[in-house]
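Reviewing the structure listed below.
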Amino acid sequence: MRAKMIVAAWIVTLVSMVAMAEFAVAPTAEEVRPLNIGNEIPDVTVQSLDGEAVPLREPVSEAPTVLIFYRGGWCPYCMTHLSAIAQTQSELREMGYQIVGMSPDRPEKLRESVEGEELSYTLLSDSPMAAAKAFGIAFQVDDETIELYQEYGIDLEDASGENHHLLPVASVFILNTDGIIQFHYVNPDYTVRLDPDVLLAVAKAGANS
């Protein structure tokens, strides 16, 4: 009996540790621990451009999904990457994929950021960073960087409507309709993004498997 109690306590502790790890915020971008290939995406709710609640699993269940986490509309690297990915959309659609972009920007800022941009895929707001935390890609922006951003006119609190000072590591996840991760690209260096041609090659391999 004592042995069973010890094993049960160990299991409870292990489950708690895993849960904490999944929703932990890394102190730096280099220390994030993203979900792995084969993991199921978390049951989190985000917002549409209109501010409506969207359980993430709902759109994912509709079609294999290329899910792009980006830092915000204020980030030129992000917007350049989103535009580059948009050029692959027709080919991805032919393979059955949809594209979903997600950032900490609140819905109002999301709408502002895409004005004049030729982006026809879905954008979602993760302003509280619930999805980024659950995917294991959220990190804390240090005070020095916050001050530097402010010098460049970048206000993370205004962008997100939150004071958490969190950002996601720019990432790309490919998900099947069951919400299982088939591929991920997570690079702490925000200046280096997944090449659209590589994305197409990976998507094609997944579509043909």
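Laboratory data are not the source of any read-out in this text; all were calculated from the coordinates shown. All of these numbers come straight from a predicted model, not from anything done at the bench. Reconstructed Cβ throughout: ideal geometry from the backbone, glycine too, with neighbour counts over all protein chains shown.
Shown is the FRET efficiency for residue 162 and residue 208, computed with R0 = 41 Å from the Cβ-Cβ distance and rounded to the nearest 0.05: 0.50. Among 32, 44, the order by Cβ neighbours within 10 angstrom, fewest to most, reads 44, 32.
With the simple spin-label model, which puts each label point 7 Å out from Cα in the Cβ direction, the residue 201 to residue 120 separation comes to 2.7 nm. Ordered by the number of other Cβ atoms lying within 10 Å of each residue's own Cβ, fewest first, 57, 106 fall into the sequence 57, 106.
On a full-extension model of 0.36 nm per residue, what is the gain between residue 189 and residue 77, subtracting their alpha-carbon distance, rounded to one decimal in nm? Each step should come with its number before you reach the end.
Details: separation 112, 0.36 × 112 = 40.32 nm, distance 1.08 nm.
So the chain would gain 39.2 nm between residue 189 and residue 77.
Relative intensity of the chain on a log10 scale, I(q)/I(0) at q = 0.16, 0.19 Å⁻¹, equals -1.05, -1.46, per a Debye sum over C-alpha point scatterers of equal strength in the absence of solvent. By the beta-carbon count within 10 Å of each Cβ, the least crowded to most crowded order of 200, 124, fewest first, is 200, 124.
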